[in-house]
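Engineer: Dumping the structure here so I can ask a few things about it.
None of the figures in this text is laboratory data; all of them are computed from the coordinates on show. These numbers were taken from a predicted model, which means no experiment stands behind them. Positions of Cβ are generated from backbone atoms using ideal geometry, with glycine treated the same way; all protein chains shown enter the neighbour counts.
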Amino acid sequence: MAVDFRKPELEDRIINKAEELAEERCGREFGDLPPSLQQQIWMDAEEEIKDQLAGEADGIYEEIREASFFANGNGHKPQAERDEHWADLELDRRLGK
């Protein structure tokens, strides 16, 4: 059975965001709010954290994508580098090197 080590981190992020939102919106601590307002703030905190995580995931995806296409991740150099390499080889051939 696999243990999910990320869940507490996620919960901590939501708790911190809920505390932050409660302070911003109501000027009180989250635990001092009425239950209905706590629920609304908690749901808003979950939504904000979800959006943050989606943004982080998009950033990671872009880094991986760029690395695979531009940093020899797919075994190829960028087109400009390849063209320059072949031009150098052709020049060397013509000069008899």
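Engineer: Taking 7 Å along the Cα-to-C-beta vector as the label spot, tell me the E23-I64 distance in nanometres, rounded to one decimal.
Structural biologist: 3.5 nm
Engineer: Then there's this: If I take R0 = 35 Å and measure r between the Cβ atoms of R82 and A54 in this structure, what FRET efficiency does the formula 1/(1 + (r/R0)^6) give, to the nearest 0.05?
Structural biologist: 0.50
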